[in-house]
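Notes follow once the structure below has been shown.
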Amino acid sequence: AAASPADAAAADQTPPLVSGTGGAPPAAAPDKALHLFWSKVLYLAASRVHSLCTDLRLPQQFAQAAWRVVRVALGEHTAAMLNRNLDQLILCAIYGVCKARQVDISFRQIVDRYKLQPHAR
């Protein structure tokens, strides 16, 4: 089946963080609907990490490290997401990466910048 124009447009706008081996859904996802859902969650998370790191003017390496944290948390530590929002994980991942790399940024600064994101309004 041919891809719809919307699917083709979405493929052209894939954030750089989604590419590579980490963007694939878990191998145990036998159901096509689950695969589609997982792909959309990963795309959403990657685009939000990329957007927020760009707005915070963090180097690309920081965005990639935060994306790895988010991807591992979603794929291997799903219990940590219980009663949590995806954006909470993203904010904490960015903060953790910044602290680990000794960047002088507060969680409040990250949250304030997050609130300026289009999806947070």
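The values are calculated or read from the model by the stated rules, or taken from the named source; none is laboratory data. Every value quoted in this text rests on a predicted model; they were computed, and no experiment measured them. Note that we place each Cβ from the backbone using ideal geometry, even for glycine, and neighbour counts take in every protein chain shown. Heavy atoms of the whole protein, side chains included, go into the accessibility calculation; ligands, DNA and RNA do not. Shrake-Rupley method; radii C 1.70, N 1.55, O 1.52, S 1.80 Å.
Brief remarks on what is shown
- Criterion: in contact (Cβ under 8 Å) with a residue 24 or more places away in the chain and open to solvent by 40 Å² or more (accessible area, probe 1.4 Å) - qualifying residue of 64, 88: 64
- Candidates 15, 59, 30, filtered to the one that is at pLDDT below 85, surrounded by 11 or more Cβ atoms within 10 Å (Cβ to Cβ) and at negative phi: 15
- Any hit, the stretch 46-55, residues being open to solvent by 50 Å² or more (accessible area, probe 1.4 Å), assigned to a helix (DSSP H, G or I), modelled with pLDDT under 75 and within 27 Å of residue 116 (Cβ to Cβ): no
- Residue 92 vs. criteria in contact with an Asp or Glu (Cβ under 9 Å, 6 or more places away or on another chain) and not aliphatic (A, V, I, L, M): no
- Residue within the stretch 104-111 that is polar (S, T, N, Q), without any contact (Cβ under 8 Å) to a residue 40 or more places away in the chain and more than 18 Å from residue 38 (Cβ to Cβ) present: yes
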